[in-house]
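The values are calculated or read from the model by the stated rules, or taken from the named source; none is laboratory data. Everything numeric here is computed off the predicted structure, so don't read it as measured data. Glycine gets a Cβ as well: all are built from the backbone with ideal geometry, and neighbour counts include every protein chain shown. Heavy atoms of the whole protein, side chains included, go into the accessibility calculation; ligands, DNA and RNA do not. Shrake-Rupley method; radii C 1.70, N 1.55, O 1.52, S 1.80 Å.
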Amino acid sequence: MQNPFEPKILAFLCNWCSYAGADLAGVSRLQYPPNIRVVRVMCSGTVSPHHVIHAFQRGADGVLVAGCHIGDCHYLKGNYMTLKRMKFVQELIRFAGYNPERFRLEWISSAEGVKFAEVVRDFTEKVRSLGPAPSFEASPRLAMGL
Amino acid sequence: MVNATRTASSNPIGSVLVVGGGIAGVQAALDLADTGYFVHLIEKTSAIGGAMSMLDKTFPTDDCAM
Amino acid sequence: MKTKVRQLLEEGRVDAFLAYKTIHGVPFPTLFTKENVDELEEWAPFKARYPVTKILLAQARQNPGKTFGVLVRGCEERSLYELFKWNQLSPDKVVVLGQACTEDLALYCECKKPFPDQLDYGEAPAPVPRSRRLEELEAMPETDRLQWWLSHFNRCIRCHGCRDVCPVCFCTECSLEHKELIPARKLPPDSSFHLVRAVHMAGRCIDCGLCEETCPAGIPLRALYKRVNDLVENIFDYQTGVPDGKSPFSMLGDESFLPAGPR
Amino acid sequence: MDKCIACGTCAEKCPRKVTDEYNAGLGKRKAAYVKFPQAVPLKYVIDKDHCIYFEKGKCRACEKFCPTQAVNFDDQDREFTLEVGSVILAPGFEPFDPGVYDTYSYSHPNVITSMEFERILSSSGPFEGHLVRPSDHQEPKKIAWLQCVGSRDIHHCDNGYCSGVCCMYAIKEAAIAKEHAGADLNTAIFFMDMRTPGKDFDKYYERAKAEKGVRFIRSRVHSIEPLPGTDDLAIQYVTEDGRITEEVFNLVVLSVGLQISKDTLELAEKLGVEIGDGRFAATSPFQPVQTSRTGIYVCGVFQSPKDIPLSVMEASAAAAESATLLAPARNSLTRKPPELSEKDVAAQEPRVGVFVCHCGVNIAGVVDVEAVADYAETLPGVAYVERNLFTCAQDTQDKMKQIIEEHNLNRIVVAACSPRTHEALFQETLKQAGLNKYLFEMANIRNQGSWVHMNEPEAATEKAKDLVRMAVAKVALQQPLGEMQLGVTKSALVVGGGIAGMTAALTLADQGYPVTLVERKDVLGGHGRKLYSTWDGQPVAPFLDELIKRVEAHPEITVLTKARITDVQGFVGNFHTVLDVDGQRREVDHGVAVIAVGAHSLKPDEYGYGKSDRIFLNLDLDQAIGERDERIVTARSAVFIQCVGSREPDRPYCSRVCCSHSIENALRLKKLNPDMDVYVLYRDIRTFGLRENLYKEARARGVLFIRFDLENKPVVQVASDGTLKVTVKDHVLQRPVVLTPDILTLAGAIVMRESEADELAKMFKVPVNAEGFFLEAHAKLRPVDFATDGVFVAGLAHYPKPTEECIAQAKAAASRAATVLAKDSITAGGVVAVVNKDLCCGCQGCVQCCPFGAIDYLEREGKCEVNQALCKGCGTCAATCPSEAITLLGFSHLQLYAQIDEALSA
């Protein structure tokens, strides 16, 4: 029997809010799917479109970026940049032919353990329903039209 | 008139007792510790944070109180 | 117009003027100074598509004190605005003369503004507000679009021509050559090559189309960057290639009142 | 307490449920508990009053299950004796208990206090942020807020004062409730006066009204009646035009006021601290944090009712008072950490040590720790793997240190809990072992592993392996990060010679720091020169004279009048400012700067201002009354018009001081001539805090108050013979009232002249808001700091405010500034951004993106540079730079790519 599809989800979490929210989900023993791999960044503003594109190129089925709510940024306005960049990169991957629902931007505070678990559950199920991400891998065969 | 009540001793004790671990007590303690005084911060409950830690959001920016 | 150039040079308002010279019937971008200004007479307009502002940038970097004149089309003028905004060129070191594009070229480029603000030469043709190419692409189902792009990206021979010709690619080092981001010695390169470049075009691309014309593999890059520009305009209400404003990606929040630039 | 690892097993096993006071009584906790998940210190405690063992002598379940033997039932209360130089009282408040209102049905489950409602809204609250009402856990469709419960009330309680915060929190709660429940939610706030007299407060109020559709009903509600057969509540009220109306609500929130608890009053008595009006600590506007007893200071609500930013300001002000008092003893009792040497491992190949933690059964109960450890041994660069029962235990730290030295490890990974709680502990161990503390990474296999995948041990183990692999890959690319020490010029520049500026200067100078005080005009004093008295009637002039005298005589203060700043260079600890002093160039080096440039009074262009010498501004009236001006002495009637230029569409803020000022002057006129007819035309009377006494007294003395709307502003006519006619629509009578006063006073707005503020803001790299007031770093928590380190704000330049708040803020600014000046050096570096200048093309995309103004463009080189003293390490610039020429140390692009690659490689 074939193994059911388990999506690989990469999450960039800001240290002050969303990573703390993820920790709180743990303290509260909230259960969520184990498909997510977390990269801790100091501010969601550290996440560049390069990182998101790179993650998809390397085979992520979904990418989550989570930061403090607008106005709550530990660095005052870092997440304004996140909002701008991520909104743009989502539209860009849509135009490139990627389902934009494979990307998600969320604001999760340090008190929102419940929200974190919900977001992970919901996003994992969403990505699972979309199936494996199409390969971004270039192949010369395609180029030659074979 | 100004500082009329201040009768500074020439060799005072370089420590301060801060009563209350709410937002005001914590700020006073931090400022003093950062300016070279030893601080005793006392709080009657088991954690600092006071009333502000019970708030959901704060006015007028809707910032998360936590 | 040739008279104007001559005047600028003779009055010393510019140290050199960048325009075209016809050699064996082919126009070449050339720097005219007082000495060779007569050769300008041999040039006929509208024939050439060169990254003149990129050449201007290189000249300006080599000769920091000098003032240059340049003859620009609409897109080239837009690239100047961007180079000013991105602090690569100083507006007081550049004197602009402008020419309008032909209607044919405007249609071919699907150009939203086929003439410069500084219009000294030619009649401004009608702008082409919508891109049919882009509309067709947008109408395509997502999965087909991915395959369509991959089939094009897969022809990439990684010559970097798109970047090298681009008048607004001014970085000292290009992250397309960072092997951690785009693995080296891989042909065709990862698709992320093109997407990362598209990210860099956001708030910069002035839709001159030289990238696509240069690409030996015929990758429809212009469509990609046209879309990127539309996105920036739709999401942030920012128009690339106008004299005012700043790319939304180089400003913090909307309510930031922090002072700009050098002090 | 040292042994507790906050795993929560004790709470899980504790059989006793107790009402949770943190959730305002709406939820349950155990008798073994932590106050809230983010508690500091993060330690569980046993509630002695509810513990079964303490009640019945047996149970001890927590002790049995505690994996670290941290439970100690023998702990006793102990008494400590502390010798201190001063005391700061910050005991806070207790929310008013609305049980005494016998008509408000507070015993009904759906009549709750605002504090309870805060917990309902909170995602960490009893309903996890789901907006439901207590009785049936259904989503309410209609919620009412009742203002002034336990405030402005001497009938049900003895709280005559305004609590000063309830209007704001009620609007906030209604707005947030709508966000939670959607636009369908019907919210109504029943109020007397809407008091939102703070920075950006009115804007929020207007937004709540116009955009969010919160209903504001001006009516004092008499009673709340449970509706039989339902869980709903009926509220009867009188509308503004006098009709009696009834509405049914699903939930009613009582906006309870703040009051001083019995415990606090007892404490004050023990300390010999005098209690004043409203049972708040007695203070004077000129010494707002000084209690009646020398060396004891007060801040926060115990001083008087107030909101968070002012509490924080007073806290810093109290710290400044203590610091001034104890200045000779500075640094005498503080402890310095010992200097540790560091091995140079920068050039070495990575030798990674991985410590995998069992955390008792917290991790090992789910994750196959052995398998993870075995796997770690196979990873490139890993030189040593250790398994620990409790990696954070003290003896393990000693062992870790030994292992690092023995095996010559130069990078460390701990796979355990969260770096947010434990990184600092392990970094300390690295330092002890001679390693740079940044050569460290954690894999969070507990909070984000075993605890959240308890039923999927295999997947949790696989995830743990991935997390370890990611951490190892990241740490292998980590270089030691240097922290450098930058010198501090131990002196201050204070800009502005008004009350705020002079107070800030004195507070710093009294602590021994040299101050340069810069004033634009030729005299000191600023706005204070025009003020007659404080709101409680204390004359300002003698205070101001004394203040000026002290400033001018102070050996540490250099006063520069007719001085203007022309250029500012440098950064925290190291500013260099160029001044134009009466035509002469002068340069000053300073470590910090306080901006206290004040504001201006608006010259109104309405209500006939300037057309008659009988139309005054409050400041002019102050002077006229003081001089027993003929116009005043002979006047038989007087009118005040409020909100002149304030709370208007193009100036959407309240000037905060005008209500009190007008009423103060109205009372003064009444004292001068008790028969004078005095009218105050107002929109909301905003006598916040103890100022409510003024309002009460004014009404008692027969001052008449007539309310008007922005849509129906009073009309002033100046006849050719100079007589004044004021027409205003009376809300109660519902018809126009015509007044013919002998004198008319306009309560004009306090405004910033934008060009002035802008220029200074640019030079100091600090922001201003839309109205030209300087914008502090954080509206609540950093009210005197700027995002740019080393620059502080005080007084009217921040926002209109009365004298005592200016003084408190000035002392606070001095306190914050002293935190810089007290240091011999500023530590810079660590996790900061650096520009690789070889790659930088000088496009300056990063400069504008930096929230802290930490990036400079170097004109000569054509490159950008990060000032490490200002950089806070957010990395926004690194993500902006298209060339990736900027690296956030510790989170470099290379490290992030490595983590991404490893996360997806399995």
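D:ALA869 - would you say it is assigned to a loop (DSSP other than H, G, I, E, B), under 30 Å from D:ALA323 (Cβ atoms) and either among the basic types (Lys, Arg) or in contact (Cβ under 8 Å) with a residue 40 or more places away in the chain (or both)? The answer is yes for D:ALA869. Within the option set D:VAL715, D:VAL657, D:VAL737, being within 30 Å of D:ALA596 (Cα to Cα), open to solvent by 20 Å² or more (accessible area, probe 1.4 Å), outside the structural domain of D:ILE154 (by TED's automatic domain parsing) and touching a residue at least 12 places away in the same chain (Cβ under 8 Å) holds for one residue only, D:VAL657. If you go through the range C:108-115 one residue at a time, do you hit one that is modelled with pLDDT under 95, assigned to a helix (DSSP H, G or I) and either among the small types (Gly, Ala, Ser) or crowded, with 21+ Cβ neighbours inside 10 Å (or both)? Yes, the range C:108-115 contains a residue that is modelled with pLDDT under 95, assigned to a helix (DSSP H, G or I) and either among the small types (Gly, Ala, Ser) or crowded, with 21+ Cβ neighbours inside 10 Å (or both).
The residues in the range A:91-102 that are more than 8 Å from chain C (Cβ to nearest Cβ) and crowded, with 23+ Cβ neighbours inside 10 Å can be counted, and the count is 1. Checking every residue in the range D:320-336 against the condition of being more than 42 Å from the chain's Cα centre (by Cα), buried (at least 24 other Cβ atoms within 10 Å of the Cβ) and either modelled with pLDDT of 95 or more or in a helix (DSSP H, G or I) (or both) gives zero matches. The number of residues in the range B:18-47 being over 17 Å from D:VAL312 (Cα atoms), facing chain D (nearest Cβ under 7 Å) and surrounded by fewer than 21 Cβ atoms within 10 Å (Cβ to Cβ) comes to 5.
Condition check for D:LEU602 on (1) among the aliphatic types (A, V, I, L, M); (2) in contact with an Asp or Glu (Cβ under 9 Å, 6 or more places away or on another chain); (3) open to solvent by 10 Å² or more (accessible area, probe 1.4 Å): one failure, at (2). I'd like the residue in the range D:224-240 that is touching a residue at least 24 places away in the same chain (Cβ under 8 Å) and part of a loop (DSSP other than H, G, I, E, B) and, out of all such residues, is most open to solvent (accessible area, probe 1.4 Å). This residue is D:GLU240. In the condition set (1) within 29 Å of the chain's Cα centre (by Cα); (2) β-branched (Val, Ile, Thr); (3) open to solvent by 10 Å² or more (accessible area, probe 1.4 Å), D:VAL494 is compliant with all but (3). Can you say whether D:GLY365 is at negative phi, among the small types (Gly, Ala, Ser) and modelled with pLDDT under 95, as far as the supplied structure shows? The answer is yes for D:GLY365.
Among the residues of the range D:886-903, is any acidic (Asp, Glu), within 14 Å of chain A (Cβ to nearest Cβ) and surrounded by fewer than 21 Cβ atoms within 10 Å (Cβ to Cβ)? Yes: the range D:886-903 contains one or more residues that are acidic (Asp, Glu), within 14 Å of chain A (Cβ to nearest Cβ) and surrounded by fewer than 21 Cβ atoms within 10 Å (Cβ to Cβ). Would you check if D:GLN584 is of a type in the set (S, T, N, Q), over 31 Å from the mean Cα position of the chain (by Cα) and farther than 15 Å from D:VAL791 by Cβ? Judged against the criteria, D:GLN584 is a match. Per this entry, D:CYS841 is counted among residues that are part of a loop (DSSP other than H, G, I, E, B) and open to solvent by 10 Å² or more (accessible area, probe 1.4 Å).
Looking at A:ARG58, is it surrounded by fewer than 24 Cβ atoms within 10 Å (Cβ to Cβ) and either facing chain D (nearest Cβ under 7 Å) or hydrophobic (A, V, I, L, M, F, W, C) (or both)? So A:ARG58 fits the description; yes.
One residue stands out among those in the range D:184-243 that are among the polar types (S, T, N, Q) and more than 30 Å from D:ALA794 (Cα to Cα): the one that is modelled with the lowest pLDDT, which is D:THR239.
Counting only strands (runs of 3 or more DSSP E) that fall entirely inside the range D:411-505 and contain at least 3 residues that are in the same structural domain as D:VAL385 (by TED's automatic domain parsing), under 16 Å from D:ALA903 (Cβ atoms) and without any contact (Cβ under 8 Å) to a residue 60 or more places away in the chain, the qualifying elements are D:440-444. Being farther than 21 Å from C:PHE84 by Cβ and either within 7 Å of another protein chain (Cβ to nearest Cβ) or of a type in the set (S, T, N, Q) (or both) is a property that C:ILE235 has.
For the range D:117-138, the set of residues classified as touching a residue at least 40 places away in the same chain (Cβ under 8 Å) and at the interface with chain B (Cβ under 10 Å from one of its Cβ atoms) consists of D:PHE117, D:GLU118, D:ARG119, D:ILE120, D:LEU121, D:SER124, D:GLY125, D:GLY129, listed by residue number. Looking at the range D:1-100, none of the helices (runs of 4 or more DSSP H) lying wholly inside it contains 2 or more residues that are open to solvent by 20 Å² or more (accessible area, probe 1.4 Å) and within 30 Å of D:VAL256 (Cα to Cα). D:GLY853 passes every criterion in (1) touching a strand residue (DSSP E or B) at 6+ places or on another chain (Cβ under 8 Å); (2) buried (at least 22 other Cβ atoms within 10 Å of the Cβ) apart from (1). When you check D:GLU776 against the structure, is it open to solvent by 60 Å² or more (accessible area, probe 1.4 Å), within 42 Å of the chain's Cα centre (by Cα) and not assigned by TED's automatic domain parsing to the domain that holds D:CYS850, yes or no? Criteria not met by D:GLU776. Within the range C:143-156, the set of residues being touching a Leu at 6+ places or on another chain (Cβ under 7 Å) and open to solvent by 20 Å² or more (accessible area, probe 1.4 Å) comprises C:SER151 only. Could you check, for the range D:160-182, whether at least one of its residues is within 24 Å of D:GLN642 (Cα to Cα), surrounded by 18 or more Cβ atoms within 10 Å (Cβ to Cβ) and more than 22 Å from the chain's Cα centre (by Cα)? There is at least one residue in the range D:160-182 that is within 24 Å of D:GLN642 (Cα to Cα), surrounded by 18 or more Cβ atoms within 10 Å (Cβ to Cβ) and more than 22 Å from the chain's Cα centre (by Cα). Among the residues making up the range D:685-707, those that are buried (at least 19 other Cβ atoms within 10 Å of the Cβ) and more than 18 Å from D:GLY160 (Cβ to Cβ) are D:ILE706, D:ARG707.
Any residue at all in the range C:19-40 that's among the β-branched types (Val, Ile, Thr), out of contact with any helix residue (DSSP H, G or I) (no Cβ under 8 Å at 6 or more places or on another chain) and part of a strand (DSSP E or B)? Yes, the conditions are met somewhere in the range C:19-40.
Of the residues making up the range D:206-223, just one is of a type outside the set (Val, Ile, Thr) and open to solvent by less than 10 Å² (accessible area, probe 1.4 Å), namely D:ALA208. When only residues in the range D:558-577 that are in a loop (DSSP other than H, G, I, E, B) and not β-branched (Val, Ile, Thr) count, which is least open to solvent (accessible area, probe 1.4 Å)? Looking at residues that are in a loop (DSSP other than H, G, I, E, B) and not β-branched (Val, Ile, Thr), I get D:GLY573. Scanning the range C:179-190 for any residue that is surrounded by fewer than 23 Cβ atoms within 10 Å (Cβ to Cβ), at negative phi, more than 10 Å from chain A (Cβ to nearest Cβ) and at pLDDT below 95 turns up at least one such residue.
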